[in-house]
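Here the structure comes first, spelled out in structure tokens, and everything after it is commentary.
The values are calculated or read from the model by the stated rules, or taken from the named source; none is laboratory data. These figures come from a predicted structure and were not determined experimentally. Quick reminder, even Gly has a Cβ in these numbers, built from the backbone with ideal geometry, and neighbours come from all protein chains shown.
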């Protein structure tokens with residue numbers, strides 16, 4: 001049965017999580033609950049729903065159980081989020097819905113900082129049965145997290161890298177204590193070879209990679225290169241198909257619906273699973289405007305020693321494989337919520353066909 005907005009408003013089963021968006025209870029009552037996809041989603045893939053919209057949609061950031069139920073109402077098979085409270089309630093719903101769980105943990109910003117919040121996140125993930133937590137090295141205060149936008153000299157970059165690597169080294173014994181691995185994302189900070197060097201040096205089964213096939217494209221590294229290099233350490237992933245297009249200072253980079261961009265996510269995930277048969281296919285299609293990657297500017301190259309030689313070949317590839325990229329510019333907040341939900345439904349449906357559970 002097709003569920004309409006009017007039905008949502010009149011439903012007595014349970015209040016919807018969002019005005020105009022289905023809750024799990026309503027989807028179940030109306031017989032419209034999608035089959036469960038093997039794919040789950042990182043919280044960042046539903047960032048607009050986490051934030052919410054005043055007067056229209058209640059944000060789910062502070063209610064992990066509501067977020068879990070919302071993901072299942074769209075067809076999702078798991079979630080990757082932090083659960084700072086209501087863990088017993090969350091675990092009960094997780095088990096009832098037969099969904100998988102991966103944690104999140106914020107790394108300290110300084111090697112002499114407070115590691116207690118990080119340990120609390122690891123402990124919470126262990127209580128919920130997670131085998132890993134997503135983590136990213138924190139950007140300097142005021143930074144965007146993107147290396148080519150944040151660092152203004154080689155010295156700035158190497159100083160940050162030394163500190164960031166030292167923080168990871170101090171976190172590993174905590175992960176080992178609770179037997180929950182740190183899945184360190186390639187987060188537009190380290191090149192793939194810098195990332196591998198860190199993993200090789202520390203060499204712990206409780207430190208590995210969270211592979212994002214799209215992120216290092218901003219460094220002019222092909223997804224296949226990223227996946228091949230990091231797969232021996234893979235603990236988790238952020239699956240996302242990517243589209244590219246030229247612009248005056250370099251190229252545009254954007255998450256797109258699966259099988260509409262330039263990457264084969266099913267193939268890339270198969271390579272990851274070959275290295276680690278236990279990883280879950282977590283997606284992170286972020287609904288947003290394309291990212292500008294200014295590889296033709298001098299500022300882009302300040303913190304790199306070797307990217308200039310890649311520019312001509314990379315931009316030739318962009319010109320040959322460019323596609324029309326999605327944008328949210330000009331959409332109302334409510335339209336962005338609707339688009340984010342639609343994209344997520346389509347990704348979960350793709351997973352049913354493309355990924356083996």
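Which one of 218, 162 is part of a helix (DSSP H, G or I), out of contact with any strand residue (DSSP E or B) (no Cβ under 7 Å at 6 or more places or on another chain) and under 20 Å from residue 146 (Cα atoms)? Matching residue, one of 218, 162: 162. Would you say residue 210 is within 15 Å of the chain's Cα centre (by Cα) and crowded, with 16+ Cβ neighbours inside 10 Å? Against the criterion (within 15 Å of the chain's Cα centre (by Cα) and crowded, with 16+ Cβ neighbours inside 10 Å), residue 210 qualifies. Kindly indicate whether residue 176 is farther than 30 Å from residue 249 by Cα, out of contact with any helix residue (DSSP H, G or I) (no Cβ under 6 Å at 6 or more places or on another chain) and surrounded by 13 or more Cβ atoms within 10 Å (Cβ to Cβ). Against the criterion (farther than 30 Å from residue 249 by Cα, out of contact with any helix residue (DSSP H, G or I) (no Cβ under 6 Å at 6 or more places or on another chain) and surrounded by 13 or more Cβ atoms within 10 Å (Cβ to Cβ)), residue 176 qualifies. Inspect the range 47-57 for any residue being at pLDDT 95 or above and in contact with a strand residue (DSSP E or B) (Cβ under 6 Å, 6 or more places away or on another chain) and give the result as yes or no. No, the range 47-57 has no match at all. Inspect all residues belonging to the range 202-210 and state whether any of them is farther than 27 Å from residue 269 by Cβ and without any contact (Cβ under 8 Å) to a residue 12 or more places away in the chain. No, the range 202-210 has no match at all. Could you tell me whether residue 177 is over 23 Å from residue 241 (Cα atoms) and modelled with pLDDT under 95? No: the conditions fail for residue 177. Of all residues in the range 66-90, those being under 20 Å from residue 106 (Cα atoms) and surrounded by fewer than 21 Cβ atoms within 10 Å (Cβ to Cβ) number 5.
Among the residues making up the range 83-112, a single one is within 24 Å of residue 145 (Cα to Cα) and free of Cβ contacts under 8 Å to residues at least 12 places away in the same chain: 112.
Filtering the range 137-157 for residues that are in contact (Cβ under 8 Å) with a residue 12 or more places away in the chain, in contact with a helix residue (DSSP H, G or I) (Cβ under 7 Å, 6 or more places away or on another chain), closer than 16 Å to residue 105 by Cα and buried (at least 20 other Cβ atoms within 10 Å of the Cβ) leaves a non-empty set. Only one of the numbered conditions (1) assigned to a loop (DSSP other than H, G, I, E, B); (2) surrounded by fewer than 19 Cβ atoms within 10 Å (Cβ to Cβ) is not met by residue 188, and that is (2). For the criterion of being modelled with pLDDT of 50 or more, farther than 19 Å from residue 287 by Cβ and surrounded by 13 or more Cβ atoms within 10 Å (Cβ to Cβ), residue 42 fails. If the condition is being surrounded by fewer than 20 Cβ atoms within 10 Å (Cβ to Cβ) and out of contact with any strand residue (DSSP E or B) (no Cβ under 6 Å at 6 or more places or on another chain), then the range 119-128 contributes 119, 120, 123, 126, 127. Is it the case, given these coordinates, that residue 238 is touching a residue at least 40 places away in the same chain (Cβ under 8 Å), farther than 30 Å from residue 36 by Cβ and crowded, with 22+ Cβ neighbours inside 10 Å? Spelling it out, it is not the case that residue 238 is touching a residue at least 40 places away in the same chain (Cβ under 8 Å), farther than 30 Å from residue 36 by Cβ and crowded, with 22+ Cβ neighbours inside 10 Å. Among the residues of the range 253-260, at least one is closer than 27 Å to residue 153 by Cβ and either touching a residue at least 60 places away in the same chain (Cβ under 8 Å) or touching a strand residue (DSSP E or B) at 6+ places or on another chain (Cβ under 7 Å) (or both). Here are the criteria: (1) without any contact (Cβ under 8 Å) to a residue 40 or more places away in the chain; (2) surrounded by fewer than 22 Cβ atoms within 10 Å (Cβ to Cβ); (3) in a helix (DSSP H, G or I). Tell me which single one residue 195 does not satisfy. Going through the list (1) without any contact (Cβ under 8 Å) to a residue 40 or more places away in the chain; (2) surrounded by fewer than 22 Cβ atoms within 10 Å (Cβ to Cβ); (3) in a helix (DSSP H, G or I), residue 195 breaks only (2).
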